[in-house]
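Student: Please see the structure below; I have some questions.
What follows is calculated from the coordinates using simple rules that are stated; it is not laboratory data. Values in this document were obtained by computation on a predicted structure and should not be read as measured data. Cβ atoms come from the backbone with ideal geometry, glycine included; neighbour counts cover every protein chain shown.
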Amino acid sequence: VSCNTQTKNQIDYGSNTTSGKYLDVNDIKVYYEIYGEGEPLLLLHGNSGSIENFSTLIPELSQHFKVIAVDSRAQGRSSDSEKEITYALMASDMSELIKKLNFGSVSVAGFSDGGVIGLELAYAHPEQVKKLVTLGANYSHENYSPPEDSIVMNENDPYISKLKAIRKQRTENAAKRQFPKPVISPETKKKLSDLMEKYPNFTVEQLKQIRVPTLVTIGDHDVISLEHTIELYKHLLHSYLFIIPGSTHISLIEQPDLVSSEIIKFLDTPYRDIDRYYPWKIPK
């Protein structure tokens, strides 16, 4: 059965034997899956995650774009090397992947650490990025998180129930998944932990050099603070800001329809800078 005829419930994103492929990139093997047709859209997951992070979005996004979902270096099914893991290195991996797949340039949507990789890619290789969407990304490893809440959610809250159901389904489907099952070694876990402790280190001047049209998105209850996110938005000279109401860091699970629709609208609509005072400048 081809991936084009499978239903979204039948596709095991991140472990799809029909769609999954490997490509030699820099000093590693990168695992990726492609879905849909149209303009290319590169999806980049969060720290210690995999393509599976986007399982709630791929079904809708692949109706509009050629989705290239990738496992980042040392995560999911992609291999690691002896090198220190940095966002700049992972952006270099993605640059080489884009070249080897002959896409020229792509749009990028990155969740959490994937958003940071997207920023690095747009900074170092702007010719390869048409547009960028960041989902809960930080630009500095310092002072990006708000203090922990004292709120105690009801154990039957819809968000908690939904997350438990997703985790249960993943556990039940584990035996059916493509093998070998990815295992992150203690050494790699340490490298991924160090990654967040030391990086990213964007300066304001570096952010201002990113000219790629960018949609900065954040949950209003995200672990990345609104203040930090607004600073990111302010220093990206061609950007829009979308604050997702009633959502945390995993808005792509909590409100996938809303997140998908905003990504699609942003990527499908020609970007233009907006003068906040234009209504008062039009002659009456």
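Student: Using alpha carbons only, how many angstrom separate the centre of segment 141-166 from the centre of segment 167-204?
Tutor: 20 Å
Student: Here's a follow-up. Hey, what number do you get for the chain at 222 nm if only DSSP H runs of n ≥ 4 count, each worth -39500 (n - 2.57), divided across all residues, to the nearest 500?
Tutor: Helix-only estimate at 222 nm: -9500 deg cm²/dmol.
Student: Let me ask something else. Using the Cα gyration tensor of segment 157-284, with a ≥ b ≥ c the square roots of its eigenvalues, what is the shape: rounded (a/c below 1.5), prolate (a/b larger than b/c) or oblate (neither)?
Tutor: prolate
Student: Among L241, L232, L42, determine the one that fluctuates most according to a GNM of the chain built with springs between C-alpha atoms less than 10 Å apart.
Tutor: L241
Student: Identify which of Q63, Q255, Q128 has the largest mean-square fluctuation in a Gaussian network model of the chain, with springs joining Cα atoms closer than 10 Å.
Tutor: Highest fluctuation of the listed residues: Q63.
Student: Now a separate question. Label points 7 Å out from Cα along the Cβ direction at K162 and K265: separation in nm?
Tutor: For K162 paired with K265, the spin-label model returns 1.8 nm.
Student: Which lysines have a Cα lying under 18 Å from the Cα of K168, excluding residues fewer than 8 positions away in the same chain?
Tutor: K8, K176, K181
Student: I've got another one for you. When the chain is treated as a GNM, springs tying every alpha-carbon pair under 10 Å, which of D194, D113, D273 comes out with the largest mean-square fluctuation?
Tutor: It is D273.
Student: Please compare each pair in K21/K83; K83/K191; K99/K130 to a cut-off of 19 Å on the Cα-Cα distance and tell me which ones are over it.
Tutor: Exceeds cut-off: K21/K83.
Student: Need one word for the chain: rounded, prolate or oblate. Basis is the Cα gyration tensor (sqrt eigenvalues a ≥ b ≥ c); a/c below 1.5 gives rounded, then a/b vs b/c decides.
Tutor: Rounded, because the longest to shortest axis ratio a/c is under 1.5.
Student: Once you have the Cα-Cα distance between N173 and V223, take 0.36 nm times their residue separation minus that, and quote the gain in nm to one decimal.
Tutor: Separation in residues times 0.36 nm, less the Cα-Cα distance, equals 15.1 nm.
Student: Answer rounded, prolate or oblate for segment 97-183, using the Cα gyration tensor with square roots of eigenvalues a ≥ b ≥ c: rounded when a/c is under 1.5, else prolate when a/b is larger than b/c, else oblate.
Tutor: oblate
Student: With every atom except the alpha carbons ignored, what do you get for Rg and Dmax of segment 2-119, in angstroms?
Tutor: Cα only, segment 2-119: 13.1, 41 Å (Rg, Dmax).
Student: Can you give the extra length, in nm with one decimal, that the chain gains between K190 and E37 once fully stretched, where that is 0.36 nm per residue apart less the Cα-Cα distance?
Tutor: This chain segment gains 51.3 nm when fully extended.
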